[in-house]
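Enquirer: Attaching a single structure in structure tokens format; questions to follow.
The values are calculated or read from the model by the stated rules, or taken from the named source; none is laboratory data. Just so you know, these numbers come straight off a predicted model, no measurement behind them. Here the Cβ positions follow ideal geometry from the backbone for every residue, glycine too, while neighbour counts run over all protein chains shown. Only protein heavy atoms, including side chains, enter the accessible area calculation; ligands, DNA and RNA are left aside. Shrake-Rupley method; radii C 1.70, N 1.55, O 1.52, S 1.80 Å.
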Amino acid sequence: MKAAVIRFPGSNCDQDCVLALSELGVKTDYVWHKDTSVAGYDLVVLPGGFSYGDYLRCGAIARFSPIMKAVKEYAAAGNLLLGICNGFQILCEAGLLPGALIRNRSLHFVCQHQNVRVEDISNPFLHLCRTGARLRIPIAHGEGSYSADAATLLQLERQNRILLRYVNNNGAAIDLANPNGSVESIAGIINEGRNVFGLMPHPERACDRRLGSDDGRIIFESILASLGAISLDEDAAAPTTSRSLT
Amino acid sequence: MKAKVIVLPKQSVLDPQGVAVRDAIHHHGLPAVKAARVGKFIELELDGSQTEAQLHEVCRDLLSNPVIEDYKLVVEG
Amino acid sequence: MKAKVIVLPKQSVLDPQGVAVRDAIHHHGLPAVKAARVGKFIELELDGSQTEAQLHEVCRDLLSNPVIEDYKLVVEG
Amino acid sequence: MTVEPKITPELVAKHGLTPDEYERIKSILKREPNFTELGIFSVMWSEHCSYKNSRKELRKFPTTGDRVLVKAGEENAGVIDIGDGWAIAFKMESHNHPSAVEPFQGAATGVGGIIRDIFTMGARPVFSLNSLRFGPITGDSPNVKTNRRLFAGVVSGISHYGNCIGIPTIGGEVYFDESYDGNPLVNVFNLGILKHEQIARGAAKGVGNPVFYVGAETGRDGLAGAAFASRDLTEESKEDRPAVQVGDPFREKLLLEACLELLATDAVAGIQDMGAAGLTCSTCETASRGGTGVEIDLAKVPQRETGMTPYETMLSESQERMLIIVKKGHEKTVCDIFAKWDLPYAEVGVVKDDGMMRVLNHGQVVAEIPARQLADEAPLYDREAKAGATPPQLDLAKLAEGDNHAALLSLLAHPSIASKNWVYRQYDHTVRAGTVVVPGSDSAVFLVREANKLLAATSDCNGLYCALDPRQGARIAIAEGARNLACAGAMPLAVTDNLNFGNPHKPENFWQLRESVEGLAEGCRAFDVPVTGGNVSLYNESPAGAIDPTPTVGMVGIIEEERHVTSSYFKAAGDAIILIGG
Ligand SMILES: Nc1ncnc2c1ncn2[C@@H]1O[C@H](COP(=O)(O)OP(=O)(O)O)[C@@H](O)[C@H]1O
């Protein structure tokens, strides 16, 4: 299998994503934002960062970059597309996912290790987890508060498209554990076709136990398994709680 | 020739900046301010070769996000 | 009763947002836009018990940063 | 053409030059300088660029060692060997004065400046630290409100720039004390990684080589900021301050990637960032280091504003710009890479063999100065040093008996001691997927993946100790740094320092500077760590007085084995607690 990490000029998690995938044995290429094709890839990642400085709104300008036309066609054909942090913002701006990400309610950038709960595993990105599993993954964003109107939320809920929620150490999605004011503590959602996943936490920063958590690996491993690139003993891989050190 | 674009969060959308500004004004000792909303003001200098429809397109597609924001466009001169 | 405050970066100060917006508009296919400046738009709802001088003070001390920004205040109604 | 002002003694004084210094300028030029040349001398001979009041003291630092690849003062930053062909470049720099005027942009552009210093060396920046000082922030007095605004503004400025460019800020320190009322200190540190053979030099080598300007267009920002940083802050400084520099981290990210991509080719003969004194500093320093001359034409410099005079263009401190000496024949490589990253670039001049810094405007000479004398022969001063009044001694016997429990709580609640989570939560400290020990412990620990090396870093200085005894305080700062590293499992490698003091013309301030430098030097010898570079910030003084002497130390160590990595938190109930030392 082959993965592509899109490189916008202000991407800054592109190298981390390539590293995480490469360490799992995936051949991964950088694809420049001025390119116009993602043909031949089995996974496309929109990495975190500040794509075009994020001067207007996060992801607003990136949405119009030349590569995005190809990315949209690629997604429309049912291929796997993962947007992390700024990548999630771009997916929303581009209309590939509903809703929008607005300024954190504290008005401050927030960087910390964060618990998130897996809400649904009937998708290619989390199927190796157990529903309700708690993952500990870093977040780092200033505009990560998910916002959508009531009709959209209802639809997301009904179609089991909310995949991750911010929770506390006991796995409860209480307001105190919500780092940015996201509606219904939403940390990640999927599209109707269940092939486009956007999330604010950074799984690529949680793939190495030395960094305090390798809970992010399960997301990449799920992707690989669903593409048939690895076969895993599901029980061994599925954490019911965090596998992190602390 | 100039265009001015005002982009404001929709009434239904949470505006944490607006709340923070109102609270700060109260702290400053001016309770007369009942509410505040914070948006963007964008001033464009034009050479006249554009149409108003083109400007609206830019406002809708780029300068604002219709999911959470409304915009107002005024072309001058 | 309402007040509207426009805050813009001073002319001599670099406005990276403005440059990014202009470039994005060009990419979008509208070369007619020669320059862009991006600032803030703040709408205040008032109960009428304030004076204009108080509002100016809030604009100067709180809503704008006089070192790099200018503001304009319009009180309505 | 605008008519340039006539040079008068008042104008000379306004440029911060003494009559003696002016005479020296005339003897170097063998004539009167014109207005542009006067401006050029004034910035190059400011304390900020020439260290004319501190250089003799700085020579007391130990700067050599087995691991030193590039020594302090030779280039933009020192370079230290960390084994297996890998090296690190690191340095600390202050942005105190700009942050006092505009905390957000002042701190942000400080981060941008130190990062440029590091990638100018050919290194990829991998993490940052920050060391901050403010006046008290609890209470309601106007001073306290200002301090809170400065504190919040500085932290969000660092957060904005560092997060956007994608370099984690993994540690630092914050102290609050009256002596910093109105005189905040913002010291920022960056470290980069490179292979030995990748070390880039800031020298204009190769007569006939073209000189390129790359990066952001030049505007009137920060005109004469270096001179501004070499004065006391007064009420008027708010009036005559230079146009504030605004940082653009997005542009700098592009510049960083483009420069590293270019340095990986064989096209570059020399590279230098445009920091304080921008074009002036970069042209004369590269010429001086290369033993060559440089000629540039200002008409070719990308400009953001219209109608800029040669004086303004030469003295502008616009951010995110670099000067690159390109090997002749490799021009296209430069153009291709900078076009790819959508950055402005221009061939603005050429390397000459006559030792002159020659500035043209549309082909007409507007300044012509011997480069080496301008860059390296600023007058050096021995200032008078005299110990100030002995600080009052605390009589322990007279301390009132109190409620220990309440005393402990109030200590823990003091902003200097309380958790700094509010600060470092705003800094992206996990980007680059290498932070092994996050902020909150004694030292941060970072895994540099490209080199597979574990580094630890810390910044330390207790200004109060230094006020009581600057020599002892400085030694303590080094010892504290070394202890913090040891507690993370690391062996200290080297030190960078930022000397923050008051006006050096006052004998007691100069005495503090001298004592502190000697104390730092003693500390470094004791731990066998060289100083690889740093920065001097004097004139941290308001009408209320000078700051406490603050020789901030940034120390880096290496952890040989992963199992040595240690953090400072209690891990589990029942673990033994042992107190050692004392
Ligand atoms: N400005 C800052 N930026 C990032 N981290 C900081 C900052 N200030 C303090 N910290 C972190 O908070 C922790 C405690 O700092 P400090 O109180 O200086 O520790 P100590 O007194 O034990 O040396 C350290 O890990 C330090 O790196």
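Enquirer: Within region A:198-210, count every residue that is in contact with a strand residue (DSSP E or B) (Cβ under 6 Å, 6 or more places away or on another chain) and over 15 Å from A:C85 (Cβ atoms).
Expert: 1
Enquirer: A further question follows. Determine which single condition A:V38 fails, assuming it passes every other condition in (1) part of a helix (DSSP H, G or I); (2) away from chain D (no Cβ under 13 Å).
Expert: It is condition (1) that A:V38 fails.
Enquirer: Given the conditions (1) open to solvent by 40 Å² or more (accessible area, probe 1.4 Å); (2) within 10 Å of the ligand (Cβ to nearest atom); (3) out of contact with any strand residue (DSSP E or B) (no Cβ under 6 Å at 6 or more places or on another chain); (4) hydroxyl-bearing (S, T, Y), and given that D:T390 satisfies all but one, which numbered condition is not satisfied?
Expert: Among (1) open to solvent by 40 Å² or more (accessible area, probe 1.4 Å); (2) within 10 Å of the ligand (Cβ to nearest atom); (3) out of contact with any strand residue (DSSP E or B) (no Cβ under 6 Å at 6 or more places or on another chain); (4) hydroxyl-bearing (S, T, Y), the lone unmet condition for D:T390 is (2).
Enquirer: Within region D:10-38, how many residues turn out to be closer than 21 Å to D:K52 by Cα and open to solvent by 40 Å² or more (accessible area, probe 1.4 Å)?
Expert: So the count comes out to 10.
Enquirer: Additional query: Take residues that are closer than 23 Å to D:S443 by Cβ and tell me which of the helices (runs of 4 or more DSSP H) falling wholly in region D:38-129 contain 3 or more.
Expert: Result: D:103-120.
Enquirer: Please state which of the following conditions A:R158 fails to meet, knowing it meets all the rest: (1) away from every other protein chain (no Cβ under 14 Å); (2) touching a residue at least 12 places away in the same chain (Cβ under 8 Å).
Expert: Condition (2) is where A:R158 drops out.
Enquirer: Another question about this same structure. If you scan region D:535-580, which residues turn out to be among the aromatic types (F, W, Y) and closer than 21 Å to D:V186 by Cβ? Full working, then the answer.
Expert: Going through region D:535-580, the residues among the aromatic types (F, W, Y) turn out to be D:539, D:569-570.
Result: D:Y539, single match.
Enquirer: Continuing with the same structure: Confirm whether D:A339 is open to solvent by less than 60 Å² (accessible area, probe 1.4 Å), more than 14 Å from every other protein chain (Cβ to nearest Cβ) and either small (G, A, S) or in contact with a His (Cβ under 7 Å, 6 or more places away or on another chain) (or both). Outline the logic, then answer.
Expert: Details: open to solvent by less than 60 Å² (accessible area, probe 1.4 Å): yes; more than 14 Å from every other protein chain (Cβ to nearest Cβ): no; either small (G, A, S) or in contact with a His (Cβ under 7 Å, 6 or more places away or on another chain) (or both): yes.
For D:A339, the condition - open to solvent by less than 60 Å² (accessible area, probe 1.4 Å), more than 14 Å from every other protein chain (Cβ to nearest Cβ) and either small (G, A, S) or in contact with a His (Cβ under 7 Å, 6 or more places away or on another chain) (or both) - is not met.
Enquirer: Considering only region D:440-466, how many residues are among the aliphatic types (A, V, I, L, M), within 9 Å of the ligand (Cβ to nearest atom) and open to solvent by 30 Å² or more (accessible area, probe 1.4 Å)?
Expert: Summing the residues that are among the aliphatic types (A, V, I, L, M), within 9 Å of the ligand (Cβ to nearest atom) and open to solvent by 30 Å² or more (accessible area, probe 1.4 Å) in region D:440-466 gives 0.
Enquirer: Within the set of pairs 6 or more residues apart or between chains, which connect a residue that is within 12 Å of D:P168 (Cβ to Cβ) inside region D:419-431 to a residue that is in a loop (DSSP other than H, G, I, E, B) and near the ligand (Cβ under 6 Å from one of its atoms) with Cβ atoms less than 9 Å apart?
Expert: Correct list of pairs: D:Y424/D:G440.
Enquirer: Across region D:413-424, which residue is farthest from the ligand (Cβ to nearest atom) among those that are closer than 29 Å to A:C17 by Cα and over 24 Å from the mean Cα position of the chain (by Cα)?
Expert: From region D:413-424, those closer than 29 Å to A:C17 by Cα are D:421-424; that's our starting set.
When the remaining residues are screened for being over 24 Å from the mean Cα position of the chain (by Cα), the result is D:421-422.
Values: D:N421: 8, D:W422: 10 Å.
The residue in question is D:W422.
Enquirer: Right, next: Looking only at region D:452-467, decide whether some residue is within 13 Å of chain A (Cβ to nearest Cβ) and touching a helix residue (DSSP H, G or I) at 6+ places or on another chain (Cβ under 8 Å).
Expert: The answer is yes; a qualifying residue exists.
Enquirer: Related question: Tell me the residue from D:G83, D:G122 that is more than 16 Å from the ligand (Cβ to nearest atom), out of contact with any strand residue (DSSP E or B) (no Cβ under 7 Å at 6 or more places or on another chain) and modelled with pLDDT of 95 or more, please.
Expert: Working: D:G122 fails: out of contact with any strand residue (DSSP E or B) (no Cβ under 7 Å at 6 or more places or on another chain).
Checking each option against the conditions leaves just D:G83.
The rows are residues; the columns are (1) open to solvent by 20 Å² or more (accessible area, probe 1.4 Å); (2) closer than 29 Å to D:G153 by Cα; (3) at pLDDT below 95.
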| residue | (1), (2), (3) |
| --- | --- |
| C:I6 | yes, yes, no |
| C:L14 | yes, yes, yes |
| C:A20 | no, yes, yes |
| C:V33 | no, no, no |
| C:E43 | yes, yes, no |
| C:L46 | no, yes, no |
| C:C59 | no, yes, no |
| C:K72 | yes, yes, no |
| C:E76 | yes, no, yes |
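Enquirer: Is there a residue in region D:425-439 that is more than 15 Å from the ligand (Cβ to nearest atom), open to solvent by less than 20 Å² (accessible area, probe 1.4 Å), away from every other protein chain (no Cβ under 11 Å) and at pLDDT 95 or above? Outline the logic, then answer.
Expert: The initial filter retains those residues of region D:425-439 that are more than 15 Å from the ligand (Cβ to nearest atom), namely D:432-434.
Remaining after also requiring open to solvent by less than 20 Å² (accessible area, probe 1.4 Å): D:433-434.
Retained after the next criterion (residues that are away from every other protein chain (no Cβ under 11 Å)): none.
No: region D:425-439 contains no residue that is more than 15 Å from the ligand (Cβ to nearest atom), open to solvent by less than 20 Å² (accessible area, probe 1.4 Å), away from every other protein chain (no Cβ under 11 Å) and at pLDDT 95 or above.
Enquirer: Would you be able to say whether some residue in region A:128-144 is open to solvent by less than 40 Å² (accessible area, probe 1.4 Å), in contact with an Asp or Glu (Cβ under 7 Å, 6 or more places away or on another chain) and assigned to a loop (DSSP other than H, G, I, E, B)?
Expert: yes
Enquirer: Considering only residues that are open to solvent by 10 Å² or more (accessible area, probe 1.4 Å) and either within 10 Å of the ligand (Cβ to nearest atom) or within 13 Å of chain A (Cβ to nearest Cβ) (or both), look in region D:468-488 and name the one that is nearest to D:Q426 (Cα to Cα).
Expert: The selected residue is D:N484.
Enquirer: Scan (1) at pLDDT below 95; (2) in contact with a Leu (Cβ under 9 Å, 6 or more places away or on another chain) for the single condition D:D140 breaks and write down its number.
Expert: Status for D:D140: all satisfied but (2).
The rows are residues; the columns are (1) farther than 20 Å from C:L62 by Cα; (2) in a helix (DSSP H, G or I); (3) within 10 Å of chain C (Cβ to nearest Cβ).
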{"residue": "B:Q11", "(1), (2), (3)": "yes, no, no"}
{"residue": "B:G18", "(1), (2), (3)": "no, yes, yes"}
{"residue": "B:K34", "(1), (2), (3)": "no, no, yes"}
{"residue": "B:I42", "(1), (2), (3)": "yes, no, yes"}
{"residue": "B:E45", "(1), (2), (3)": "yes, no, yes"}
{"residue": "B:Q54", "(1), (2), (3)": "yes, yes, yes"}
{"residue": "B:L62", "(1), (2), (3)": "yes, yes, yes"}
{"residue": "B:K72", "(1), (2), (3)": "yes, no, yes"}
{"residue": "B:V75", "(1), (2), (3)": "yes, no, no"}
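Enquirer: Within region A:158-190, take every residue that is farther than 17 Å from A:H113 by Cα and more than 18 Å from the chain's Cα centre (by Cα) and give me the one that is least open to solvent (accessible area, probe 1.4 Å).
Expert: That would be A:Q159.
Enquirer: Just give me the residues in region D:134-179 being within 16 Å of the ligand (Cβ to nearest atom) and among the charged types (D, E, K, R), in sequence order.
Expert: D:R148, D:E173, D:D177
Enquirer: Please go through region D:541-565 and pick out each residue that is part of a loop (DSSP other than H, G, I, E, B) and touching a helix residue (DSSP H, G or I) at 6+ places or on another chain (Cβ under 6 Å). Spell out how you get there, then give the answer.
Expert: We begin by selecting, within region D:541-565, every residue part of a loop (DSSP other than H, G, I, E, B); these are D:543-544, D:547-549, D:560-561, D:565.
Residues satisfying the conditions are D:I547, D:D548, D:P549.
Enquirer: Something else about it: Pick out the one residue from D:A229, D:A203 that is within 17 Å of the chain's Cα centre (by Cα) and at pLDDT below 95.
Expert: On the way: D:A203 fails: within 17 Å of the chain's Cα centre (by Cα).
After applying the criteria, what remains is D:A229.
Enquirer: When only residues in region A:100-127 that are open to solvent by 30 Å² or more (accessible area, probe 1.4 Å) and of a type in the set (A, V, I, L, M) count, which is nearest to the other protein chains (Cβ to nearest Cβ)?
Expert: Going through the qualifying residues, I end up with A:L107.
Enquirer: In region A:52-93, how many are open to solvent by 10 Å² or more (accessible area, probe 1.4 Å), under 20 Å from D:F250 (Cβ atoms) and more than 11 Å from every other protein chain (Cβ to nearest Cβ)?
Expert: 0
Enquirer: Keeping to region A:64-95, report how many residues are out of contact with any helix residue (DSSP H, G or I) (no Cβ under 6 Å at 6 or more places or on another chain), at pLDDT 95 or above and not in a strand (DSSP E or B).
Expert: 21
Enquirer: With respect to A:A100, determine if the residue is over 18 Å from A:E143 (Cα atoms) and not polar (S, T, N, Q).
Expert: Answer is no for this residue.
Enquirer: Does D:Q364 satisfy the condition of being buried (at least 19 other Cβ atoms within 10 Å of the Cβ) and of a type outside the set (D, E, K, R)?
Expert: Working: buried (at least 19 other Cβ atoms within 10 Å of the Cβ): no; of a type outside the set (D, E, K, R): yes.
When the stated conditions are applied, D:Q364 does not pass them.
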